[in-house]
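Everything on this sheet refers to the single structure shown next.
The values are calculated or read from the model by the stated rules, or taken from the named source; none is laboratory data. What you are looking at is a predicted structure, and each value in this text was computed from that prediction instead of being measured. Note that we place each Cβ from the backbone using ideal geometry, even for glycine, and neighbour counts take in every protein chain shown.
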2 protein chains.
Amino acid sequence: MKNTIRKERKKEIISGMYELSRREGLENVSIAKIGKHLGMPPSLVMHYFPNKRLLILGLIDHILHQYQLIYKPIINKLENNPRVDPESLVDRLFSREWNLLFDDGVFFSCYAFIFRDPSIKKEYKNLHVKLRVTLKNLLDKDEVLVNGNTGLLAEKIFVVIEGAYYYLSMMDEAKEYDQKLELFKNQVYDLIYAEINRIQSGKGMYSSGG
Amino acid sequence: MKNTIRKERKKEIISGMYELSRREGLENVSIAKIGKHLGMPPSLVMHYFPNKRLLILGLIDHILHQYQLIYKPIINKLENNPRVDPESLVDRLFSREWNLLFDDGVFFSCYAFIFRDPSIKKEYKNLHVKLRVTLKNLLDKDEVLVNGNTGLLAEKIFVVIEGAYYYLSMMDEAKEYDQKLELFKNQVYDLIYAEINRIQSGKGMYSSGG
DNA sequence: TTATTTATTGAATATTCATTCAATATTAAA
DNA sequence: TTTAATATTGAATGAATATTCAATAAATAA
């Protein structure tokens, strides 16, 4: 199959580009460097990605796919449980074991493109919406939570996760990192318990909007 | 004063660089382009910023300064009030009128540098910590909240603001944007009311850690 | 005023950039 | 096997890149 070669080469090129971006930063990656890294002439790189924009779009697809994979094992494990334990859910959502698999620098370099490229913006948005839907479905497996507004709860949880992801990236000291991480975990616990509370008492005691 | 010329020129160069980054993206800005944009030879640009790294560091200083200015009017207004009204506080923290003054694309392009440059990481962190301290001081002006853990509360509020900032940047439709914005505002209200509640009832009903 | 420092210019550097092209090798279809 | 399509190579392109340098102009200090 001629198509197999094509697909594999494209994958190889994007992977190489990703590795280079990780090491030297996306802004320092060139077609020539990618070729050199993979032992192929730059003209072959351009045979599969006729211009640099397509190369970047390919990288973003790759990044977003990887980003999604981060949550895959978390989701799989939780899906097999008949009931969702809030603690283990939050633990898993915040477990950043993926750090080894995923480079935040490349991710945010690509993220910056959303502000000047509408199609990239849409791609990013779709992924983030998708993750929220997945979380909502997980929450709906809980016999109590299913009676509440799990869509809203998922939004609230993710905004904390993403804000934490952003802020924690600035931490150097492990101690401080862990301390803040704990704090944000508690913040998510509170969201879940508040929703459970709201459901069980029929009406919320806070201004929990909906 | 010889120093005035130097300072003004440096400022002019960074401003020009910022304008270009806004229009074409940071990755497409070069020393030659900056010079052309400002009507000066590239050698003059390099006279003040002997290499490109210094130019980028200058830009980041500028960005972070601007970022801080966003909160300046908000803080000023609130500081003059003897008491902090939670609603107007949250309204102001989420008011993104600054969008005209500040370019998110450049901000995140620069943010991506924290993952490969420790000194940039530190700069970013200092700013974010500073903003939290400022918010804590504002919260401490409230006669009820001052008896609570305002430092913790400030952290929790900012993680929502920053997560919202990240997520809302992906929204295109005004309606959806407003809807989500409302949601995140409520989330912050709830944090404030929960803390007030916790203080007034002596002990929290949730697992509000501290 | 003279001497010295700084600001500014414009030309020049080697290097890297994305991209093109023609030639050849390999694979799949007829 | 012949034909057609694709994969791969290597050389070449001009434009853009960061940076250097020597010369001049302007401002400051003596």
Seminar exercise, completed: By residue number, the members of region B:76-92 that are under 26 Å from residue B:180 (Cα atoms), assigned to a helix (DSSP H, G or I) and free of Cβ contacts under 8 Å to residues at least 40 places away in the same chain are B:77, B:88, B:92
Problem set entry | Selected residue [in a helix (DSSP H, G or I), facing another protein chain (nearest Cβ under 8 Å) and of a type in the set (Val, Ile, Thr)] from B:120, B:157, B:114 | B:114
Exercise. Is it fair to say residue A:165 is closer than 30 Å to residue A:52 by Cα, surrounded by fewer than 21 Cβ atoms within 10 Å (Cβ to Cβ), more than 7 Å from every other protein chain (Cβ to nearest Cβ) and of a type in the set (Ser, Thr, Tyr)?
Worked result: yes
Seminar exercise, completed: Within region B:169-189, the count of residues that are among the aliphatic types (A, V, I, L, M), within 22 Å of residue A:118 (Cα to Cα) and without any contact (Cβ under 8 Å) to a residue 60 or more places away in the chain comes to 3
Exercise. Within the set of pairs 6 or more residues apart or between chains, which connect a residue that is within 16 Å of DNA strand C (Cβ to nearest atom) inside region B:44-61 to a residue that is of a type in the set (Val, Ile, Thr) with Cβ atoms less than 7 Å apart?
Worked result: B:45/B:13; B:45/B:31; B:45/B:34; B:46/B:31; B:48/B:13; B:49/B:13; B:52/B:31; B:58/B:14
Exercise. For residue B:55, are the conditions met, namely being under 21 Å from residue A:29 (Cβ atoms) and of a type outside the set (D, E, K, R)?
Worked result: yes
Exercise. Would you pick out the residues in region B:123-152 that are surrounded by 18 or more Cβ atoms within 10 Å (Cβ to Cβ) and within 9 Å of another protein chain (Cβ to nearest Cβ)?
Worked result: B:124, B:152
Exercise. Somewhere in region A:50-65, is a residue within 16 Å of DNA strand D (Cβ to nearest atom) and crowded, with 17+ Cβ neighbours inside 10 Å?
Worked result: yes
Exercise. Within region A:64-101, how many residues are within 14 Å of chain B (Cβ to nearest Cβ), in contact with a helix residue (DSSP H, G or I) (Cβ under 6 Å, 6 or more places away or on another chain) and at pLDDT below 80?
Worked result: 1
Problem set entry | Candidate set: region A:1-31, residues that are within 14 Å of chain B (Cβ to nearest Cβ) and small (Gly, Ala, Ser); chosen: the one farthest from DNA strand D (Cβ to nearest atom) | A:21
For this session: Within region A:13-29, count every residue that is surrounded by 15 or more Cβ atoms within 10 Å (Cβ to Cβ) and either near DNA strand C (Cβ under 8 Å from one of its atoms) or over 17 Å from residue A:110 (Cβ atoms) (or both).
Result: 1
For this session: Kindly establish whether residue B:90 is within 30 Å of residue B:196 (Cβ to Cβ), surrounded by 13 or more Cβ atoms within 10 Å (Cβ to Cβ) and touching a Lys or Arg at 6+ places or on another chain (Cβ under 7 Å).
Result: yes
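Does region B:188-199 include one or more residues that are more than 7 Å from chain A (Cβ to nearest Cβ), within 20 Å of the chain's Cα centre (by Cα) and surrounded by 21 or more Cβ atoms within 10 Å (Cβ to Cβ)?
yes
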Exercise. In region B:1-47, what count of residues is obtained for those that are more than 22 Å from the chain's Cα centre (by Cα), assigned to a loop (DSSP other than H, G, I, E, B) and not polar (S, T, N, Q)?
Worked result: 5
